[in-house]
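Here the structure is laid out as structure tokens; the discussion comes afterwards.
Nothing in this text is a laboratory measurement; each read-out follows from the coordinates by a stated rule. Because the structure is predicted, anything quoted here is derived from the model rather than measured. Positions of Cβ are generated from backbone atoms using ideal geometry, with glycine treated the same way; all protein chains shown enter the neighbour counts.
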Amino acid sequence: MGMIGGGKGAFIGSIHRTAASLDGLVELVCGALSSKPNVAKESGKDLFLKEDRTYTCYQELIEKESKLAVDERIDFVSIVTPNYAHFQPAMLALSHGFHVMIEKPITFTLEEANTLQRKVGETGLLLGLTHTYSGYPMVKQARQMVKEGALGKIRKIIVEYPQGWLSQLIENEGNRQAEWRTDPARSGKSGCMGDIGVHAAHLAEYVSGLKIKSVCADLNIVVEGRALDDDCNVLVKFDNAAAGVLIASQIATGEENALRIRVYGERGGLEWAQQEPNSLIARWQDKPMQVLRSGANYKDPLSSFAKHNFRTPGGHPEGYIEAFANIYRNFSLTLLAKLEGRVPSAEELDFPTVADGVRGMAFIEAVVASGMSEQKWTPFIH
């Protein structure tokens, strides 16, 4: 793969590189790692990339790689830039025949996301999206249990994502991660919702198999002087008439990354928390609560989708990097199947795609519109 963005000082770039390399399926061979030429070159040297494949802009990377022999050039490009710089590199890569992995949210606007989806359809190329939390094995187990009807009809979904790292105005103190995420010109029309709320929305749809139909949102700027929302509360209606509550906050002082989802049906409920990712709690109407564990050798085995994404024996924690790696692995296995002319398995195809990205952008648009409106419910139509 090649990488666009993710050079010196970029948090998410090293996460992508580590995750992509975890299974030995992907090798980073080139990069345009910064918009600053000197930083791009220094970053390439730090990563032991060849000098002639360390590029100073994404246009140079895509143009020059496309002219290399098929067995030498990249198979796909990973785009890990801030939100405003996703669309153009992705479109150019697809236009030159390269598959794409992209950081969420997929684009800067819904219009860009729709254009990108059309381009993917025209080219037949793969586009993967790193909605990380769908990569956890026990999230996949929850999804399969819901899909197989273990809970009955879904009635209620509660998903919450509190963080505390933006409790102060740290974007004015030189924090680079805070600077771009709170800047409308680089992040988009939403801060907290665009950064973590979209993860919560994707997780709710992924686990439940339902689609968000409408929202009633309350967006807040709590820290004085901030330009974008840092705290959000959303009432949600799903397409089967289930009701939901989605909370995302980056000013929940003292919280780290406390993403949690609860799904309740006619016969039972499921609960999963990102800070205790190996456990899935199942609560039943007519029997005791269960705690299912990742990697455990149960007599009644967990789903093939969960087992496909296990990496360690029971009792050995699997976390954020492994979940990230599962998305890269499934994307890579699907790409290998495509290159070899075979049909990938359902387990291999289980990774977020451009369709998830479009829904994410539509969700952000609906939440912002609802937050600015006096109307109680805002349709979520896409």
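From the Kirkwood radius over Cα pairs of the range 65-104, Stokes-Einstein at 4 °C and 1.567 mPa s returns a whole-number translational diffusion coefficient of 122 µm²/s. Straight-line cross-link reach from Lys50 at under 25 Å between alpha-carbon atoms covers these lysines, not counting any fewer than eight positions away in the same chain: Lys8, Lys36, Lys41, Lys64, Lys67. Where both partners of a DSSP beta bridge lie in the chain, what percent of those bridges are antiparallel, to the nearest 5? Restricted to the chain, the bridges split so that about 65 percent are antiparallel. Neighbour counts of other Cβ atoms within 10 Å put Trp165, Trp284 in the fewest-to-most order Trp284, Trp165. Size descriptors for the range 15-72 (Cα atoms only): Rg and Dmax, in that order, 11.7, 31 Å.
Panel values: the range 2-129, Kirkwood radius from alpha carbon pairs, Stokes-Einstein at 25 °C and 0.890 mPa s, translational diffusion coefficient 169 µm²/s.
Could you compute how fast the range 95-211 diffuses translationally, taking Rh as the Kirkwood radius over C-alpha pairs and applying Stokes-Einstein at 37 °C with viscosity 0.692 mPa s? Give it in µm² per second.
Values: Rh = 16.7 Å.
My calculation gives 196 µm²/s for D.
Based on Cα contacts under 8 Å between residues 6+ apart, the chain shows a relative contact order of 19 percent.
Of the GluC sites (Glu not before Pro) found in the range 238-317, those that fall in a DSSP loop while having at most 15 other beta-carbon atoms within 10 Å are Glu256, Glu266. Projected onto its three principal axes, the C-alpha set of the range 184-305 covers 56, 32, 24 Å, listed from the longest axis down. Annotation: peptides 76-86, 27-37, ranked by per-residue average of other Cβ atoms within 10 Å with the highest first, follow the order 76-86, 27-37.
With 10 angstrom as the radius, rank Met91, Met145, Met138, Met289 by how many other C-beta atoms surround their C-beta, starting from the fewest. Could the numbers behind the result be given before it?
Values: Met91 17, Met145 22, Met138 25, Met289 11.
By the 10 Å Cβ count, ascending, the order reads Met289, Met91, Met145, Met138.
Divide the volume of the convex hull around the Cα atoms of the chain by the residue count and you get 142 Å³ per residue. For the range 95-150, the list of GluC sites (Glu not before Pro) that fall in a loop by DSSP and count at most 11 other C-beta atoms within 10 angstrom reads Glu148.
Restriction of the trypsin sites (Lys or Arg not before Pro) in the range 92-163 to DSSP coil positions whose beta-carbon has at most 12 other beta-carbons within 10 angstrom yields Lys153. Springs between Cα atoms under 10 Å define the GNM used for the chain, and in it the highest mean-square fluctuation of Asn172, Asn220, Asn278 occurs at Asn172.
Test of understanding: what is the full-extension gain from Gln290 to Ser345, defined as 0.36 nm times their sequence separation minus their Cα-Cα distance? Show your work: numbers first, answer last.
Values: separation 55, 0.36 × 55 = 19.80 nm, distance 2.96 nm.
Stretched out fully, the Gln290 to Ser345 stretch lengthens by 16.8 nm.
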